[in-house]
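Just below is one structure, and these are the notes that go with it.
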Amino acid sequence: MMAAPAAPMLTVEGLEAAYGDSQVLFGIEFGLDAGEAVTLLGRNGMGKTTTIHTIMGLVPARAGRVSFAGSDLTGRPPYRIAQAGLGLVPEGRQIFPTLSVEENLVATAANRAGGAPRWTLKEVYGFFPRLAERRANSGKQLSGGEQQMLAIGRALMTNPSLLILDEATEGLAPLIREEIWQVLVTLKGEGQSILIVDKNIDALSRFADRHVVIEKGKVVWTGTSAELAADGTVKQRFLSV
C-alpha cells in the first residue's frame, strides 16, 4: 500500500480579509510544500502584501483558514504565528534604527525547532560579510541594501521553517539585488522553504518552484517557472505595468 503524500507545509484556503468595510482578499487559495520556494506575483495594490499580513496575523482573516505544519494559525496573534516557525522580512525592512547590527540580529534570535540552531551570528555573517564589517554600526547608519540584508539576517536568526519576504529587492541597487538573489538561491538549495513577493520575474524564476498570480484579491493563475515563461498572456494580462 502506497503511503499518503505529505501534507503541504503551508495551506491557505478561502482566505478573505478587509480594511474596515473595504474587502481586499476574496478566497485566496494556495499551498507550499517543505523545501519549496513559491512566489506571489501581481501588480501593485492587488493584495499580495495583505495576503502575507493575513497569514502572519497582522490583518485579521474575515473568512478562510491558514494552516502550517498541521496546525491551524487562523486567529492567532502574530507572535504566536512567528513562534510556530514563520519568519517575516517585511516590506520597508523595519529594522531597529537605534540598535547596532549585532543587537538587531540577536534581539529576536530564537530556536523554534529545538536542537542545534541552524542560523547563528556566524552563519548570517558568512552570508552577508557587509554586516560583519558593520556589526557595531546602528541600523540607521546602513545603506538601504545593507538594511535589507539585516532584515533577512534578523528573520533567519529566528530559525524559521518558512521564510517570508515581502518586496525582497524593491528599491535596491542592481549589485545589491544580485547579492540577495544569490543568497536566496543558496537558501533554497539548502532546503529552506520560502514564500516571496517581488517584481523581478526573471530572478524569481531562477529558483522558485511555483508562482501564484493575484489580481484584485483573487488567485487568477498558478504554475511553474517553465509554464510562466511559456504563457506570455499571463505577464501581459496580470504582471506588466
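The values are calculated or read from the model by the stated rules, or taken from the named source; none is laboratory data. Not measured: the values here are computed from a predicted model. Reconstructed Cβ throughout: ideal geometry from the backbone, glycine too, with neighbour counts over all protein chains shown.
For V38, only one of the following conditions fails: (1) of a type in the set (A, V, I, L, M, F, W, C); (2) without any contact (Cβ under 8 Å) to a residue 60 or more places away in the chain; (3) touching a Lys or Arg at 6+ places or on another chain (Cβ under 8 Å); (4) under 18 Å from I164 (Cβ atoms). What is its number? It fails just one condition, (2).
Summed over region 64-88, residues that are in contact (Cβ under 8 Å) with a residue 24 or more places away in the chain and either surrounded by 15 or more Cβ atoms within 10 Å (Cβ to Cβ) or among the charged types (D, E, K, R) (or both) total 13. A Cβ distance below 7 Å, combined with a sequence gap of six or more or placement on separate chains, defines the contacts here; from region 206-224, residues that are closer than 24 Å to A17 by Cα and in contact (Cβ under 8 Å) with a residue 40 or more places away in the chain reach residues that are part of a strand (DSSP E or B) and of a type in the set (K, R) in the pairs T222/R210. When the strands (runs of 3 or more DSSP E) confined to region 189-228 are screened for residues that are under 25 Å from P160 (Cα atoms), those reaching at least 3 such residues are found at 193-197, 210-215. Restricting to region 31-62, give me the number of residues that are assigned to a loop (DSSP other than H, G, I, E, B) and either in contact with a strand residue (DSSP E or B) (Cβ under 8 Å, 6 or more places away or on another chain) or at pLDDT 95 or above (or both). So the count comes out to 13. Exactly one residue among L73, L99, L150 is within 20 Å of W181 (Cα to Cα) and of a type in the set (A, V, I, L, M, F, W, C), and that residue is L150.
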